[in-house]
Number of protein chains: 2
Amino acid sequence: MIMILKKNDAGHLAGLRSRGYRITSPRQAVLEVLEENEGRPLSTEEIHRLASTRHEGIGLATVYRTLELFCELQIAARAHLHRDSEHFEINSGSHHHHLVCVSCGEVEMLEECVIEEVEKAVRDRSDFLVTSHCMSLFGYCPSCIPGG
Amino acid sequence: MIMILKKNDAGHLAGLRSRGYRITSPRQAVLEVLEENEGRPLSTEEIHRLASTRHEGIGLATVYRTLELFCELQIAARAHLHRDSEHFEINSGSHHHHLVCVSCGEVEMLEECVIEEVEKAVRDRSDFLVTSHCMSLFGYCPSCIPGG
DNA sequence: GTTACTGCAAACCGTTTGCACTAGA
DNA sequence: TCTAGTGCAAACGGTTTGCAGTAAC
């Protein structure tokens with residue numbers, strides 16, 4: 001099969017190959033879906049549906065396995081939206097968090113992360129070695145503000 | 001049945017009754033388990049097991065329904081530990097977050113919450129109405145620090 | 001040609017639900 | 001008495017797993 005790569009995919013696909021993983025059509029499909037939705041976390045079901053238009057018949061299990069792999073390789077990252085199913089987004093390099101509308105589910109990206117300060121404080125007051133964190137804000141988006 | 005109440009339970013149980021809910025033996029059992037583990041979030045399975053010693057034969061479904069009710073009434077709160085199952089703790093009145101050991105699962109409570117500052121910043125830069133948030137830190141507890 | 005990867009279907013498991021029975025007030 | 005609450009067992013739904021077939025290289 002001839003592989004036509006999107007510009008941005010090159011780096012991630014090269015990373016796959018250099019670590020001994022095969023570049024397959026399902027993996028490309030999932031990667032492209034994530035790339036095209038940068039900044040917008042997608043549910044596994046959405047990723048499966050969108051990837052199906054690129055690789056017909058892609059199995060849901062493959063989508064799960066691919067996303068797991070992409071997270072391990074830091075190609076993708078889990079978004080902690082506290083919805084029914086897991087959400088993923090491409091790892092754009094910038095560490096960030098999300099603002100989630102509890103009414104319609106719309107997600108806004110928060111540019112900055114202040115948790116580094118919290119981690120610093122914890123380093124002084126606790127014997128824990130902090131390695132990661134998660135944070136999300138919840139509320140109402142402009143069109144869902146009650147009485148707004 | 002004669003109800004022997006623990007001192008701290010009085011307020012929460014009164015709150016139940018005043019809102020039209022019945023004070024039952026399973027609800028007391030769950031409440032007491034939460035009270036006795038203040039500051040230590042428990043899984044539904046743990047709560048079920050511990051409550052069973054107080055009300056033999058308590059059903060898991062009842063535990064789930066009771067915890068759901070307690071959260072609605074702000075008697076209890078969900079802890080977002082990102083483990084396999086949900087965790088709950090008594091609402092001690094102080095808003096706080098957790099430090100979770102990714103190795104052994106030990107949980108430490110963080111006294112302060114700095115997210116209010118983040119919410120303030122969001123208020124200036126976004127049209128979202130922020131109503132809540134969740135945050136957890138992950139890492140290694142003293143006995144699990146790699147190479148430590 | 002090897003074997004990593006895939007699709008399928010079944011299993012898994014935490015949580016929810018329907019229902020007949022029980023017990024709180 | 002009346003009905004909210006309960007225990008049980010089945011259903012639910014997102015995720016994982018086993019396996020035989022397929023495709024990457």
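Quick one: putting +1 on the C-beta of Lys and Arg, -1 on the C-beta of Asp and Glu, what dipole do you get for the protein assembly as shown around its Cα centre, in Debye to the nearest 20? Could the numbers behind the result be given before it?
Working: 30 positive and 44 negative charges, 142 e Å.
Here the protein assembly as shown has a charge dipole of around 680 debye.
Backbone geometry of segment A:22-37 corresponds, through the Karplus equation with coefficients 6.51, -1.76 and 1.60 at θ = phi - 60°, to 3J(HN,Hα) couplings of 7, 8, 10, 4, x, 5, 5, 4, 5, 4, 5, 4, 5, 4, 6, 10 Hz, x marking Gly and Pro. In this structure, the amide hydrogen of A:Glu86, modeled 1.01 Å from its nitrogen in the peptide plane, lies closer than 5 angstrom to those of A:Thr44, counting only residues at least 5 positions away or on a different chain.
3J(HN,Hα) along segment B:118-125: 5, 4, 4, 4, 5, 4, 7, 10 Hz, from the Karplus curve 6.51 cos²θ - 1.76 cosθ + 1.60 with θ = phi - 60°, whole Hz, x for Gly and Pro.
Whole-Hz Karplus values for segment A:85-97 come out as 10, 5, 10, 10, 8, 5, 7, 7, x, 8, 6, 8, 10 Hz, taken residue by residue from phi with 6.51 cos²θ - 1.76 cosθ + 1.60 and θ = phi - 60°; glycine and proline positions read x. Considering helices alone, the calculated mean residue ellipticity of the protein assembly as shown at 222 nm is -11000 deg cm²/dmol, with DSSP H runs of length four and up weighted by -39500 (n - 2.57) and normalised per residue. Taking the fewest neighbouring Cβ atoms within 10 Å as the starting point, the ordered list for B:Thr62, A:Thr24 is A:Thr24, B:Thr62.
Here segment B:98-127 and segment A:34-93 have alpha carbon centers that stand 26 Å from each other.
Across chain B, where is the longest run that never hits GluC sites (Glu not before Pro) in a DSSP loop with at most 10 other C-beta atoms within 10 Å? Working shown, then result.
On the way: sites that count: B:Glu56, B:Glu111.
That gives B:1-55 as the longest site-free run.
Restricting attention to segment A:7-148, close to 70% of DSSP beta bridges with both partner residues there are antiparallel. Where chain B is rotated onto chain A, the residue of B whose Cβ comes nearest the axis, and that gap in whole Å, is B:Met135, 2. Inter-chain neighbour count for A:108-119: the average number of beta-carbon atoms from partner chains within 10 Å of each residue's beta-carbon is 3. Each of A:Leu60 and B:Glu35 was given a label point 7 Å from its Cα along the Cα-to-Cβ line. The distance between the two points is 4.4 nm. Peptide A:76-87 has a mean shielding of 1, counted as Cβ atoms of other protein chains within 10 Å of each residue's Cβ. When only the Cβ of Lys, Arg, Asp and Glu is charged (+1, +1, -1, -1), the dipole of segment B:7-90 relative to its Cα centre reaches about 320 debye. Under a 5 Å amide H cut-off, with hydrogens placed 1.01 Å from N, B:Gly39 pairs with B:Ile90 among residues at least 5 apart or on other chains. Count Lys and Arg as plus one, Asp and Glu as minus one, and take only other residues whose Cβ is under 14 Å from that of A:Glu117; the net charge is then -4. Close amide H contacts of B:His98 (hydrogens built in the peptide plane, cut-off under 5 Å, sequence separation of 5 or more or a different chain): B:Leu110, B:Leu137.
Which net charge results for the neighbourhood of A:Phe88, defined as the other residues with beta-carbon distances under 14 angstrom from its beta-carbon, given Lys and Arg at +1 and Asp and Glu at -1? Can you show the working numbers first?
On the way: positive: A:Arg27, A:Arg40, A:Arg49, A:Arg65, A:Arg78, A:Arg83; negative: A:Glu32, A:Glu35, A:Glu36, A:Glu38, A:Glu45, A:Glu46, A:Glu68, A:Glu72, A:Glu86, A:Glu89.
Charge balance near A:Phe88 sits at -4.
Once C-alpha pairs closer than 8 Å and six or more residues apart are averaged by separation and normalised to the residue number of chain B, the relative contact order reads 18 percent. Only one residue of B:Val107, B:Leu129, B:His97 has its Cα farthest out toward the positive end of the dipole of segment B:97-139, where Lys and Arg carry +1 and Asp and Glu -1 on Cβ, and that residue is B:Leu129.
Cysteine residues of chain A whose Cβ has no partner cysteine Cβ closer than 4.7 Å: A:Cys71, A:Cys104, A:Cys113, A:Cys134, A:Cys144. On full extension, the segment bounded by A:Ser25 and A:Leu129 gains 33.5 nm, given 0.36 nm per residue less the C-alpha separation.
Computed from the coordinates by the stated procedures, all read-outs in this text should not be read as laboratory data. No experiment lies behind these values; they were computed from the predicted model shown. In this analysis, Cβ positions are derived from the backbone assuming ideal geometry, glycine residues included, and neighbour counts consider all displayed protein chains.
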